[in-house]
Structures are given as structure tokens and as C-alpha cells.
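The values are calculated or read from the model by the stated rules, or taken from the named source; none is laboratory data. Every value quoted in this text rests on a predicted model; they were computed, and no experiment measured them. Positions of Cβ are backbone-derived with ideal geometry, glycine not excepted, and every protein chain shown enters the neighbour counts.
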Amino acid sequence: MIDFLSNTNWISPQIDCLLFLQNIRLAHSDIIDKFFLSITIVGEFWLPTLICAIVYWCIDFRAGVYLFTLESFNVFITHFFKMIACVYRPWILDSRMNPSELAVPFATGYSFPSGHSAMSSSVLGGCAYLLRKRKITCLLIIGLILLIGFSRLWLGVHTPQDVVCGLTIGLILVFALNPLINWAEKDNKRYLYLLGIINVLVIVALIYITYFNTYRMDYVSGELLVSPQRQKYSTIIAYMYALGLINGCFLCRRFSPFNPKDESVKYRAVKGIIGTVLIIILLKFGLTYMIMNTICLKLMMPLVFVTGLIITFIYPVIFKKLSKF
């Protein structure tokens, strides 16, 4: 547990910044809140997955592998930091905070770092990196990333340290993982070596946060402010989903690669539309419902892992087979 991140002297000026934004927010109608809520959705896990999948299935296979790797590593790192830092949300740290009621239901658990900021800066940052020769498009994407980060402050659900750290995680991953994918591309067997190392590291991280990490146990009126058990549950589920994504991605690259550029525009459009519906059903509704209702962990672990495999391995392999008929 990293105590200095919640130290009053460190947090106080950040709360002052949030209170300044809060005073502006409360002086206006909730139309602005709704705008920033629509912006912040881009950082939720299902929409970045959809962006990665459309690139992966329909535009450029190698670029899709890169984006899915960014998403998976982002999940591993962000959730690990959340669990070892155990930083509370701003309204828990300071009773003067009054976050947007529209955003609170989607801002559960620990606060540091901002998952939305990290996810948007990694996946959208990866898109900007891939499109870096198109300067205007790249600048627009960067602007959207910064706007998502700011939305977390405006809505009062994160402190500046949460957002800055989230953005930094994404930025580091964007530049660190591209050389790693380039290295693996030189020999398909390297994907299996890399996959083995990733799986082992993730399992070690899960063991640590489940059995060896210490957690805050602060009570108000006899109730825990944040339940470590529930956060462990959420983290395990997130890790299993990301493992499904990256395992499927690397296995597909090794054993059943495909090239969307060889397919007709109509075929790619059909694959993208069906896949979009599939992701919305599986993630936005199905997986979100099961996580929010804390469905049995033993059941959820294989379910979310297979969900990741479906998106990056099973679904594209099925369409590859269909293309031969």
C-alpha cells in the first residue's frame, strides 16, 4: 500500500483544484456534465476493445495486434497500481467534494490511477502513433485523449495525480510496445515465448494482490468505505479478460494469421458490423452486468477469458474459414 499518495499535504492542493472546477460545474446546468460523460465513455473498456477489434478484423491485422497488446498491458498495469496504492476517490478523501451524480455509478473502487485516462491514452494513443503521418488526425486524437482526462476531473471522480499517472502509463506503453511487437514479428515463434512470459507475470501479479498485498480497512457507520474483496474480484476478472484478448491475439498471429486488405470491402463491412453487435452484447451488457452483480468468481473467470478469446481468435478464424466458401 502506497501511503504518500493519500497524504494530506500532497492531496490538499489537488482537492482545491477539483473544488474550483466543482464550483464552476455546480453553477451550470447538467448539460455540460452530460457532454463530459459522453466523452468519458470512450475510456470505458468495451469501446476501446471495439476500436481495437475493428482495426484488427477489418483494416490492418498487425496494427490490431499492437492495439490489443496496448489494451491488455494497460489493464495489467493499471489494475496492479490500483490494488497496491489503495487510494480512495476524491469524495472520500474530502467531504467537500460533490461529484457528478451521473458519473458516480461508473466510478467505483480505488481511484489511482485513472483507468479511463490510461485506457484512452494507450488505445487512442496507439491509433495516433499509427496515424502519426496524418498530423491533423493525430492532433485531433491527442485532443480527445486530453479531453477524456479532463472529463474525469470535471466530473469529480479523479484527482489530477490519478489522471496524469493514467495518461503517463498509456504514453509509455505506446512507445514501449511497438518495438516489442516488431521484435516478435521477425519470428512467429517469438509470439509464443512472449505469451508465456506475459502469462507467468500476470499470474504472479494476481497471486501477490490476492494473498500478499495489504489493503485499507476503513469503516464508516460499520461499513467498509471500499471493499478489498470486491476490488480483488474486479481485478481478477479484468486480468482474465485481458489474458483472453492477448492470448487469442498472439495465437491467431502464430497459427492462423489473416490479412483484411486481401478481403473485399463488403466482406470486411459485414465482419465489422456483426462483430460490433457481438462486442456490445458480450461486453457492454453481458460482462458489465455480471461484474456489477458479482457473479460467482469461479464461473466468471473462464467466461471472461473465453470472451477475450472469442474477440481475438475464434471470431476472426471463423470468418477466415467462411471466406474460403
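Details
- Residues of the stretch 230-252 satisfying the condition of being at pLDDT below 90 and more than 17 Å from the chain's Cα centre (by Cα): R230
- Test: residue in the stretch 72-92 that is basic (K, R), surrounded by 21 or more Cβ atoms within 10 Å (Cβ to Cβ) and within 13 Å of the chain's Cα centre (by Cα): yes
- Of the residues V65, V75, the single one that is modelled with pLDDT of 90 or more and closer than 14 Å to G43 by Cβ is V75.
- Selection status of T168, more than 20 Å from the chain's Cα centre (by Cα), of a type in the set (V, I, T) and in a helix (DSSP H, G or I): no
- Residue check for R152: basic (K, R), in contact with a Ser or Thr (Cβ under 8 Å, 6 or more places away or on another chain) and either farther than 20 Å from P48 by Cα or crowded, with 17+ Cβ neighbours inside 10 Å (or both): yes
- Screening M83 with (1) touching a Leu at 6+ places or on another chain (Cβ under 7 Å); (2) within 29 Å of C127 (Cβ to Cβ); (3) part of a helix (DSSP H, G or I) gives one miss only, at (1).
- Total residues in the stretch 176-188, condition surrounded by 11 or more Cβ atoms within 10 Å (Cβ to Cβ) and part of a helix (DSSP H, G or I): 9
- In the stretch 33-78, the residues that are among the hydroxyl-bearing types (S, T, Y) and touching a residue at least 60 places away in the same chain (Cβ under 8 Å): T40, T49, Y56, Y66, T69, S72, T78
- Screening the stretch 22-37 for residues that are modelled with pLDDT of 90 or more and over 27 Å from L47 (Cα atoms) and picking the one that is surrounded by the most Cβ atoms within 10 Å (Cβ to Cβ) gives Q22.
- Test: residue in the stretch 253-270 that is out of contact with any Cys (no Cβ under 6 Å at 6 or more places or on another chain), surrounded by 16 or more Cβ atoms within 10 Å (Cβ to Cβ) and within 30 Å of G109 (Cβ to Cβ): no
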